[in-house]
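A short worksheet on the structure shown next.
The values are calculated or read from the model by the stated rules, or taken from the named source; none is laboratory data. The model shown is predicted, which means the values in this text are computed figures rather than measured ones. Quick reminder, even Gly has a Cβ in these numbers, built from the backbone with ideal geometry, and neighbours come from all protein chains shown. Remember, those area values only see protein heavy atoms, side chains included, never the ligands or the DNA or RNA. Shrake-Rupley method; radii C 1.70, N 1.55, O 1.52, S 1.80 Å.
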Amino acid sequence: MTVQELPGAPAHRPTPPPAWKPLTDPAPLLPDPEPYRVLGTDAAADADPELLLRLYAELVRGRRYNAQATALTKQGRLAVYPSSTGQEACEVAAALVLEERDWLFPSYRDTLAAVARGLDPVEALTLLRGDRHTGYDPREHRIAPLCTPLATQLPHAVGLAHAARLKGDDVVALAMVGDGGTSEGDFHEALNFAAVWRAPVVFLVQNNGFAISVPLAKQTAAPSLAHKAVGYGMPGRLVDGNDAAAVHEVLAEAVARARRGEGPTLVEAVTYRMDAHTNADDATRYRGDAEVEVWREHDPILLLERELTGRGLLDEEAVGTVREAAERMAAGLRDQMNADPVLDPMDLFSHVFEEQTGQLREQAAMLRDELEAGQEPHGGGAEDAR
């Protein structure tokens, strides 16, 4: 029996305390009902021609980069490659909207975003090659290590952005994740912390239709992934992920909003993965060729090329120049990846602890002695091998 149920107790209607009330009007946070587009609409007339041409050059280079990396897996030079073919507009726009001082937090599929941000293609592929560590210095390039576990890079991005805000640094973090990553707990934790702390971070969800073989409809019943933003108290934006101009505009607005101290934004870019999940995947087991062909007509390069040629900003000679530059990049990547790397076995003991433990020092000394004596590790010499 509660106090309210005691005989003679006055009628009581509990009033929720202020903390229970909605903190934010949800209406301004809701995404548009349809993905935002620029190319092929009246908004395209206001797009900066120089930006469109730069986006085009990066898309063409990105497509060639994807093709070359995929070929390297077939030649045994890469262990695995998760292609972003068809998603180049998202990859390139994410890189171009950031200032040099900002941070990019990519997933394993986002090596192209790292390359578009200025990272050497060989360094971008080093982790997937099976070489040492990340392959590049994250602090030097302001690119976090490529993240293979789904969505774990998102809390890292929030933490860095929140720390920058506390220190007064003018830094924005942009974190990339796929639609499959939105089903992970890290996604929830990152968005919740980001919204509560008003951290200067932008979440870019590349909704390419499948989490490996699991279609989006089996992951969520939400109207869109962008709608999830409302539950956390941040704006959700829905954009055509194959429209490079639209993705760049929406991300640029989200970055500017974060930089002004107005908090995070969740952007869902609706795109499509044209290739298999990785070179180890057989996509024909869960989708048909007809579906892929429909998306080929909405190819990000084709959309932008139509716009540029229609406005007289791109001719055959310019297209040839862009493609030649992409081929030179691919040739350089191919030559460097076909060269066997020079490996130092002592690197096994680097970057494990800030200060090596006694056990590691002992093991390092043992390996050093074996190498100097010309022995195989663990004491096995040439005679033992026979």
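The peptide list 210-218, 158-166, put in order of mean Cβ contacts within 10 Å with the highest first, becomes 158-166, 210-218. Each part gets one Cα centre, and for segment 159-224 versus segment 48-92 those centres are 23 Å apart. Restriction of the GluC sites (Glu not before Pro) in segment 242-310 to DSSP coil positions whose beta-carbon has at most 11 other beta-carbons within 10 angstrom yields 297. Using the Cβ of residue 269 as centre and a radius below 11 Å, the other residues enclosed give a net charge of -4, where K and R count +1 and D and E count -1. Solvent exposure of segment 155-309 amounts to 40 Å² per residue of accessible area, where only protein heavy atoms count and the probe is 1.4 Å. Calculated on C-alpha atoms, the gyration radius of segment 203-285 divided by its Kirkwood radius gives an Rg/Rh of 1.04.
Taking segment 262-355, which chymotrypsin sites (Phe, Trp or Tyr not before Pro) meet the DSSP loop condition and have no more than 12 other C-beta atoms within 10 Å?
Working: sites: 272, 286, 295, 349, 353; in loops: 272, 286, 353.
Sites meeting the loop and neighbour criteria: 353.
Summary of the geometry: segment 278-296 and segment 297-366, compared by the centres of their Cα atoms, lie 25 Å apart. How much net charge surrounds residue 242 when only the other residues with a Cβ under 11 Å from the Cβ of residue 242 are counted, with Lys and Arg +1 and Asp and Glu -1? Result for the neighbourhood of residue 242: -3.
Determine the relative contact order of the chain: mean sequence separation of Cα pairs under 8 Å and six or more apart, normalised by residue count, in whole percent.
21
Work through the residues other than residue 151 whose Cβ is under 15 Å from its Cβ and net out their charges, Lys, Arg +1 and Asp, Glu -1. Summing Lys/Arg as +1 and Asp/Glu as -1 gives -4.
For the listed peptides 315-326, 189-200, a ranking on the average number of other beta carbons within 10 Å per residue, highest first, reads 189-200, 315-326. Between 240, 344, 179, the Gaussian network model of the chain with springs among Cα atoms under 10 angstrom shows the greatest mean-square fluctuation at 344. Pick from 345, 31, 138: which residue has the top mean-square fluctuation in a GNM of the chain where Cα pairs under 10 Å get a spring? Judging by the Gaussian network model, the answer is 345.
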